[in-house]
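Have a look at the structure below before the remarks.
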Amino acid sequence: MSNLNGVFRREWGPAVAALARWCGDLTVAEDAVQEACAEALRAWPRDGLPDSPGGWLVTVARNRARDRLRRESIRPGKELKAVLGDIAAIRARTDGVDPHPVRDDELRMMFTCAHPALDRQSQLALTLRLVSGLTVAEIARALLQTEAAVGQRIPRAKNKIRHANIPLRVPPAALLPERTPHVLGCIYLVFTEGYWSTAGPSAIRDELCDEGVRLAGELCSLMPHEPEAHALAALVLLHDSRRATRVDDAGALVPLDEQDRRRWDRGRITRGLDRLRHAEGSTGPYLPQAVIAALHATAPSWEQTDWTTICAAYDRLLQQTDSPVVQANRALAVGFRDGWDAGLAALEKVANDPRLARLSLVASVRADLLRRAGRPGEAVAWYRTALESNGSQPGRDFLRRRITECGG
């Protein structure tokens with residue numbers, strides 16, 4: 001049953017979202033699904049994988065949640081009344097029909113966690129944990145924060161929802177747009193963690209890539225006139241078109257300039273370009289990123305890549321965000337457009353940004369620019385620096401390969 005971790009990762013978000021909708025308590029939902037996963041580890045190797053692993057987990061988790069609420073009902077006084085009220089509410093929710101247009105439980109959870117009473121970082125951390133099942137370490141890397149900060153932020157957010165009686169429901173349709181930026185950000189981070197896995201044995205986490213593409217499509221269906229949703233959908237589709245070529249048969253990373261473009265998914269490229277056309281009028285950060293992805297996806301070859309337009313898209317993106325990650329990636333593009341020394345000079349502007357201190361990005365970009373500039377000795381030193389802070393095994397293997405190629 002070596003595939004159980006993949007099953008749990010794939011089913012975690014839908015199960016927690018379904019349980020939260022059912023019982024109205026985020027902590028109860030998460031704890032119940034964790035107990036169901038523990039039970040699955042005992043039962044599935046013995047009995048075999050059920051036909052519907054997700055349905056099995058939700059059923060067991062619902063029983064665990066019901067048992068917990070019943071145990072809580074023995075408490076005296078007001079707590080007894082409150083818990084009995086919870087149980088009555090559960091029955092009402094499971095028996096009734098929800099007329100709200102958001103049919104996907106995970107999107108429902110995302111909009112719920114986007115409540116304006118929570119600050120943006122708490123919204124993101126809570127959603128990435130509950131919906132996508134990312135670990136605290138993965139969320140910390142995605143949000144450029146420490147693990148300790150994220151570890152404190154998530155329970156505080158859940159407690160605030162509970163104590164402030166924030167309802168676990170989607171707001172009225174008229175209020176959806178004000179929460180859309182949060183939902184877009186979460187979908188983007190889910191896909192990104194799948195496409196560029198920051199830790200673990202695999203370079204790509206297919207279940208998160210699939211989830212990001214699916215949720216982006218669901219959001220477009222929910223809000224067909226929202227250009228930001230189409231821009232994000234275009235971005236993830238165009239990136240995802242290259243997923244199969246990002247690693248070789250042995251699981252080793254293959255950089256973009258070495259990928260076999262004949263194997264790119266033309267169907268996803270076509271769909272991504274169509275989404276890009278529907279994104280006209282977008283003023284957010286996803287449109288320029290989608291433009292960059294489209295330029296790579298449609299270039300006949302690496303040598304014919306339009307670096308001038310790519311740099312212009314990065315410039316537009318930097319007008320909307322002060323992300324040091326964007327600045328570092330722009331420096332590499334500048335190197336291809338204006339020469340490696342120009343790229344190194346652009347990288348210096350962000351090299352000491354403390355938000356990148358725990359990442360290998362600056363060292364990796366600097367090493368690549370130096371290698372392409374014909375300075376292998378200096379490149380080796382920076383590849384080794386990047387190696388110190390890269391938590392992905394395929395990423396580390398790739399850096400070691402570059403060190404060997406440079407004679408290190």
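The values are calculated or read from the model by the stated rules, or taken from the named source; none is laboratory data. Just so we're clear, the structure is a prediction, and the values are computed from it rather than from any experiment. For neighbour counting, all protein chains shown are included, and Cβ atoms are generated from backbone atoms with ideal geometry for every residue, glycine included. The area values use the complete protein model at the heavy-atom level, side chains included, leaving out ligands, DNA and RNA. Shrake-Rupley method; radii C 1.70, N 1.55, O 1.52, S 1.80 Å.
If you go through the stretch 319-339 one residue at a time, do you hit one that is hydroxyl-bearing (Ser, Thr, Tyr), closer than 30 Å to THR283 by Cβ and surrounded by fewer than 19 Cβ atoms within 10 Å (Cβ to Cβ)?
yes
Among the residues of the stretch 44-69, write down those that are within 18 Å of ARG10 (Cβ to Cβ), free of Cβ contacts under 8 Å to residues at least 40 places away in the same chain and either among the hydrophobic types (A, V, I, L, M, F, W, C) or in a helix (DSSP H, G or I) (or both).
GLY55, TRP56, THR59, VAL60
Any residue at all in the stretch 213-227 that's more than 21 Å from PHE111 (Cα to Cα), open to solvent by 10 Å² or more (accessible area, probe 1.4 Å) and either modelled with pLDDT of 85 or more or among the hydroxyl-bearing types (Ser, Thr, Tyr) (or both)?
no
Which of the following residues is under 20 Å from ASP257 (Cβ atoms) and open to solvent by 20 Å² or more (accessible area, probe 1.4 Å): ARG400, ARG355, ARG396?
One residue alone meets the criteria, ARG400.
If only one of GLN304, GLN320 is polar (S, T, N, Q) and within 21 Å of the chain's Cα centre (by Cα), which one is it?
After ruling out the rest, the residue left standing is GLN320.
Evaluate the stretch 265-273: report whether one residue or more is exposed (fewer than 13 other Cβ atoms within 10 Å of the Cβ), part of a loop (DSSP other than H, G, I, E, B) and not hydrophobic (A, V, I, L, M, F, W, C).
Within the stretch 265-273, not a single residue is exposed (fewer than 13 other Cβ atoms within 10 Å of the Cβ), part of a loop (DSSP other than H, G, I, E, B) and not hydrophobic (A, V, I, L, M, F, W, C).
Any chance you could count how many residues in the stretch 351-394 are at pLDDT 95 or above and assigned to a loop (DSSP other than H, G, I, E, B)?
3
Please find, within the stretch 2-37, the residue that is farthest from LEU130 (Cα to Cα) out of those that are surrounded by fewer than 18 Cβ atoms within 10 Å (Cβ to Cβ) and at pLDDT below 80.
Among residues in the stretch 2-37 that are surrounded by fewer than 18 Cβ atoms within 10 Å (Cβ to Cβ) and at pLDDT below 80, the one farthest from LEU130 (Cα to Cα) is SER2.
Does ALA149 satisfy being open to solvent by less than 20 Å² (accessible area, probe 1.4 Å) and among the aliphatic types (A, V, I, L, M)? Steps first, answer last, please.
Working: open to solvent by less than 20 Å² (accessible area, probe 1.4 Å): no; among the aliphatic types (A, V, I, L, M): yes.
In short, no.
Within the stretch 340-350, work out how many residues are open to solvent by 30 Å² or more (accessible area, probe 1.4 Å), over 19 Å from CYS406 (Cα atoms) and assigned to a helix (DSSP H, G or I).
3
Restricting attention to the stretch 168-179, and to residues there that are closer than 14 Å to ARG108 by Cα and touching a residue at least 60 places away in the same chain (Cβ under 8 Å), which single residue is surrounded by the fewest Cβ atoms within 10 Å (Cβ to Cβ)?
Only one residue fits best here, namely ALA173.
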